[in-house]
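Report on the structure given below.
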Amino acid sequence: MHHHHLFATDPRLQQAITQVKPLEIGEIGTDIYGSLLRAIVFQQLSGKVAEVIYARFVGLFNEQYPEATTLAQMPIEMLRTVGLSNQKANYVKNIAAFSLEQNLHFDYINSLSDEELVQYLTQIKGVGRWTVEMLLIFTLQRPDVFPILDLGIRNAMIRLYEVEETGKAQLQRLHEIAAVWQPHRTLACRYLWRWYDSMK
């Protein structure tokens, strides 16, 4: 792991990392389409509620997999019955349509740079930068992602570094703090989430 780099460059982060259990980094996920659907279902919901809705959602399909052709044709009303909002029902259908018309194959997706991937996938209505950054971090295991839009990361950094600035100045300060973690910003953020959760 690249802790030594983070330890050497950032004593405050070192302190936070030593307070939490070590991370286990999983395997790279290859099902980009499935990961995007899951991310949409989980947005703005607590984990437990999202798990229930997601299980009901995949339960609508053969072999518990929301195959794109089937999902693209599924009526919104049917998706609403499992607890998806109207908006999310539309978004998952948008992802299905995109996967049928464009390329969501792992080899193609993984060949794009982080920023190219953000530009490519945010063409899908309902998929924003934050969603793509979560995909980069948790599915593709890209090493140097800094999801500044994530509230957990912002709150963790404000607390750990006693950031007093607000607005644009605050964003600039957070970017400056994170700059020293390069090229391991993903690892730093995964520890920040864990540290912040342990502080609650």
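Scanning the range 86-102 for residues that are among the small types (Gly, Ala, Ser) and within 20 Å of the chain's Cα centre (by Cα) yields 89, 96, 99.
Counting residues in the range 21-28 that are more than 16 Å from the chain's Cα centre (by Cα) and in a helix (DSSP H, G or I) gives zero. Restricting 115, 165, 133 to residues that are modelled with pLDDT of 95 or more, farther than 22 Å from residue 28 by Cα and not polar (S, T, N, Q) narrows the list to 165. For residues in the range 149-162 being modelled with pLDDT of 95 or more and outside any helix (DSSP H, G or I), which is surrounded by the most Cβ atoms within 10 Å (Cβ to Cβ)? In this case the residue turns out to be 161. The residues in the range 124-145 that are within 14 Å of residue 187 (Cβ to Cβ) and part of a helix (DSSP H, G or I) can be counted, and the count is 3.
In the range 54-82, the residues that are within 14 Å of residue 35 (Cα to Cα) form Cβ pairs under 8 Å with partners that are in a helix (DSSP H, G or I) and hydroxyl-bearing (Ser, Thr, Tyr), at six or more places apart or across chains, as follows: 68/33; 68/99. Restricting to the range 172-187, what's the tally of residues that are surrounded by 14 or more Cβ atoms within 10 Å (Cβ to Cβ) and either within 22 Å of residue 25 (Cα to Cα) or at pLDDT below 95 (or both)? Qualifying residue count for the region: 7.
The number of residues in the range 64-85 being closer than 19 Å to residue 99 by Cα and not hydroxyl-bearing (Ser, Thr, Tyr) comes to 11.
The values are calculated or read from the model by the stated rules, or taken from the named source; none is laboratory data. Quick caveat, the model's predicted, so the values are computed rather than measured. Note: ideal-geometry Cβ built from the backbone for every residue, glycine included; neighbour counts use all protein chains shown.
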